1. For the range 49-71, does any single residue satisfy the condition of being of a type in the set (Phe, Trp, Tyr) and not in a helix (DSSP H, G or I)?
2. Can you tell me which residue in the range 46-82 is nearest to THR99 (Cα to Cα), limited to those that are without any contact (Cβ under 8 Å) to a residue 40 or more places away in the chain and touching a strand residue (DSSP E or B) at 6+ places or on another chain (Cβ under 7 Å)?
3. Outside any loop (DSSP other than H, G, I, E, B), over 26 Å from ASP39 (Cβ atoms) and modelled with pLDDT of 95 or more: which single residue out of GLU141, GLU111, GLU152, GLU88 fits that description?
4. Looking only at the range 15-38, count every residue that is at pLDDT 95 or above, in a loop (DSSP other than H, G, I, E, B) and charged (D, E, K, R) and tell me the total.
5. Can you name the residue in the range 21-62 that is of a type in the set (D, E, K, R) and more than 24 Å from ARG125 (Cβ to Cβ) and is also nearest to the chain's Cα centre (by Cα) among such residues?
6. In the range 1-14, what residues are part of a loop (DSSP other than H, G, I, E, B) and without any contact (Cβ under 8 Å) to a residue 60 or more places away in the chain?
7. Confirm whether ASP128 is in contact with a helix residue (DSSP H, G or I) (Cβ under 7 Å, 6 or more places away or on another chain), at pLDDT 95 or above, assigned to a loop (DSSP other than H, G, I, E, B) and among the acidic types (Asp, Glu).
8. Filter the range 16-44 down to the residues that are buried (at least 17 other Cβ atoms within 10 Å of the Cβ) and in contact with a strand residue (DSSP E or B) (Cβ under 9 Å, 6 or more places away or on another chain) and list them by number.
Amino acid sequence: MIETLIKSKKRVGELGEVFTPSWLVEEILDHLPEKLFEDPSRPFIDPMCGNGNFLSAVVKRKIANGLSPQQALETTYGIDIMLDNILECRQRLTKIVITAMNSSVDHSSPEIGKDILLMVENNIRHGDTLKFELEDIFSDEPSEELINFRNEKQDFITLDSTG
């Protein structure tokens, strides 16, 4: 399978958006101490998470190192300026966690599913870490400036994906 590293030439030109290939993500994470993926209290944040290449690999490593899927997810955070990337990242993480939960013990309760969706929504946020404070991005009551930013950025989703 060929990995897509750009969504459109226009987004590369206007935003500098190029996704990190999975082989490079794995190589970078291989250089981090393994204990970072074993500690259930150790958070990981990607301030420019794109569609979740790093976060997906981090959650998988946390699960592989003994954390429950829920523990892996609740300590993983991401931010991106593009709403479509945020939505894709949330979907990817949800799928990883639900798959891991289903392959271990039966955790198919609707309540757990709701908890996972809420956790992903709370931990993967739309924002710009160069312009806004983390407290504002992760707040349940973001600043008016951040709300305006989020509304303006939704227009980029319609950029021509062919080019």
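1. Here is the first cut: in the range 49-71, the residues of a type in the set (Phe, Trp, Tyr) are 54.
Then keep just the ones that are not in a helix (DSSP H, G or I); that gives none.
Taking every residue of the range 49-71 in turn, none turns out to be of a type in the set (Phe, Trp, Tyr) and not in a helix (DSSP H, G or I).
2. Across the range 46-82, the extreme among qualifying residues is VAL59.
3. Working: GLU141 fails: outside any loop (DSSP other than H, G, I, E, B); GLU111 fails: modelled with pLDDT of 95 or more; GLU152 fails: modelled with pLDDT of 95 or more.
Being outside any loop (DSSP other than H, G, I, E, B), over 26 Å from ASP39 (Cβ atoms) and modelled with pLDDT of 95 or more holds for just one of GLU141, GLU111, GLU152, GLU88, which is GLU88.
4. 1
5. Pass one, the range 21-62, residues of a type in the set (D, E, K, R): 26-27, 30, 34-35, 38-39, 42, 46, 60-62.
Adding the requirement that they be more than 24 Å from ARG125 (Cβ to Cβ) leaves 26-27, 30, 34-35, 38.
On the way: GLU26: 16, GLU27: 19, ASP30: 19, GLU34: 20, LYS35: 21, GLU38: 19 Å.
It comes out as GLU26.
6. In the first step, residues of the range 1-14 are kept if they are part of a loop (DSSP other than H, G, I, E, B); the result is 1-8.
MET1, ILE2, GLU3, THR4, LEU5, ILE6, listed by residue number.
7. On the way: in contact with a helix residue (DSSP H, G or I) (Cβ under 7 Å, 6 or more places away or on another chain): yes; at pLDDT 95 or above: yes; assigned to a loop (DSSP other than H, G, I, E, B): yes; among the acidic types (Asp, Glu): yes.
Spelling it out, ASP128 is indeed in contact with a helix residue (DSSP H, G or I) (Cβ under 7 Å, 6 or more places away or on another chain), at pLDDT 95 or above, assigned to a loop (DSSP other than H, G, I, E, B) and among the acidic types (Asp, Glu).
8. PHE37, PHE44
The values are calculated or read from the model by the stated rules, or taken from the named source; none is laboratory data. Since the structure is predicted, the reported quantities are computational estimates derived from the model, not experimental observations. Cβ coordinates were reconstructed from backbone atoms using ideal geometry, including for glycine residues, and neighbour counts include every protein chain displayed.
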